[in-house]
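Here's the structure, in structure tokens; my notes come after.
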Amino acid sequence: MKVGFIGLGAMGLGMAANLRRAGHDLVVHDLNRTSAATLEEAGATWADSTAGLASQVDVVFTSLPGPVQMREVGTGEGGLLSALKPGSAWFDLTTNSPTVVREVHTVCREHGVELFDAPVSGGPKGARSGKLAIYVGGDAEAFEQHGGILDAIGDQILRVGDIGAGNTAKLVHNCASMIIRSGIAEVFTMGVKAGVEPAALWHALRQGAIGRARTFDRVGDRYLQEAFDPPSFALDLANKDLRLALELAEQFDVPMRAARLVQEDFQEALDRGWGKRDSQTPLLLQNERAGVTIKLSADEVQAVLDRG
Ligand code: NDP
């Protein structure tokens, strides 16, 4: 089976490498050929265009910034649907709008192509190691037929429902993480300003009931070290996810007061030109408001983690 992969960024590169490692005949494409260098060394073939790739493959993966790029790569002029064979499968790994993937799915059906929305969770590290959750939306029978290939890139393959359900689950997940992290920054600045040393406070929180569920760990690498560059998940992308989550909430008339507060911080951070920095950078705004500086070294963070 010949497999195509478009979008070789922080996530796509690792996932494409794992498809190649699993023995698939791989054809790749990106806006930028240098992104494909390591894959070409590993035996993948470069395609000069989306349609050039699509005409060669039975299954295609896309890992793109968002809905605009996914729709363009799929249905635009010279896009996937201009060249994919009927009977092909398309897994879109992009964190995407459920509405957009449903619309593109309808067009795919007219071409005999089976689209699955399959956003992932696990970050670039998980993309490289294969430790990824993949939230799949798509037809159950078609998933039985085509879904096996996902074992090459993830260790938790979860069909959540029909097309669009994968992204609904993913947006719920990411929106939760953004609200929780902002809440953590709020209580953290309170504790530090009240006189508790940050490493001691972090250790204490990690050992409490919520801490033992490991809710606090995600702020160790970035927020607590004020280490936001280069990003592992860019604020521009996180903001897109938050926007999609809020759009979804609006479609279903769900009030989202906490998420809207988080969005205000995201917007201020974007206005300051932080879009290419890590998605935790807006937490700095809470430090500013509280008048608190928190900057542990990597060794101090590791020392807390080593304490269990
Ligand atoms: P990146 O921006 O690193 O990767 C996107 C890639 O797509 C880039 O290589 C980009 O090229 C390429 N691209 C953009 N438009 C096109 C196009 N029209 N044709 C071909 N290639 C194109 O993003 P990430 O890898 O971080 O994220 C990818 C997706 O995964 C996003 O939807 C994100 O929300 C999601 N995600 C990200 C996670 C993370 O931690 N980073 C975790 C889970 C999901 P170029 O760089 O040249 O513009």
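None of the figures in this text is laboratory data; all of them are computed from the coordinates on show. Note that this is a predicted model, so its numbers are computed, not measured. Glycine gets a Cβ as well: all are built from the backbone with ideal geometry, and neighbour counts include every protein chain shown.
Summary of values
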item	result
Karplus 3J(HN,Hα) series, Hz, for the stretch 30-40 with 6.51 cos²θ - 1.76 cosθ + 1.60 (x for Gly, Pro)	8, 5, 10, 5, 4, 4, 9, 3, 5, 6, 5
Neighbour-limited loop hits for chymotrypsin sites (Phe, Trp or Tyr not before Pro), the stretch 227-308 (at most 14 other Cβ within 10 Å; DSSP other than H, G, I, E, B)	Phe252
The chain: most fluctuating residue of Gly220, Gly23, Gly154 per GNM, C-alpha cutoff 10 Å	Gly23
Computed FRET value (nearest 0.05) for Ser49 with Arg109, which takes r as the C-beta separation and R₀ as 25 Å	0.55
Dipole moment magnitude, nearest 20 debye, the stretch 170-306 about Cα centre, only Lys, Arg, Asp, Glu C-beta charged	240 debye
Exposure proxy order (Cβ contacts within 10 Å, fewest to most) of Asp139, Asp306, Asp217	Asp306, Asp217, Asp139
Rg to Rh, two decimals, where the chain supplies the alpha carbon set and Rh follows Kirkwood	1.01
Amide H contacts under 5 Å for Val60, placed H, 5+ residues apart	Gly4, Ala89, Trp90, Phe91
Computed over the chain: relative contact order in percent, which uses C-alpha pairs under 8 Å that are six or more apart	14 percent
Under-5 Å amide H pairs with Ile157, H placed in peptide plane, nonlocal only	Ile134
Entries in Lys2/Lys276; Lys131/Lys193; Lys170/Lys276; Lys85/Lys125; Lys2/Lys125; Lys170/Lys193 that, when Cα-Cα distance is taken, lie over 29 Å	Lys2/Lys276; Lys131/Lys193; Lys85/Lys125; Lys170/Lys193
Gained length - Ser177 relative to Gln156, 0.36 nm times residue gap less alpha-carbon distance	5.7 nm
Ranked Trp90, Trp46, criterion: other C-beta atoms within 10 Å, fewest first	Trp46, Trp90
Euclidean distance of C-alpha centroids, the stretch 205-232 and the stretch 51-96, integer Å	36 Å
Pairwise FRET efficiency - Val68 versus Lys2, Cβ, R0 = 22 Å, nearest 0.05	0.20
Mean Cα-pair separation over length for the stretch 2-161, i.e. relative contact order, pairs under 8 Å, 6 or more apart, %	21 percent
Average Cα contact separation per residue, the stretch 69-175, under 8 Å, 6 or more apart, as relative contact order %	26 percent
Contour excess over end-to-end distance, with Cα ends at Glu264 and Arg218 and 0.36 nm allotted per residue	14.4 nm
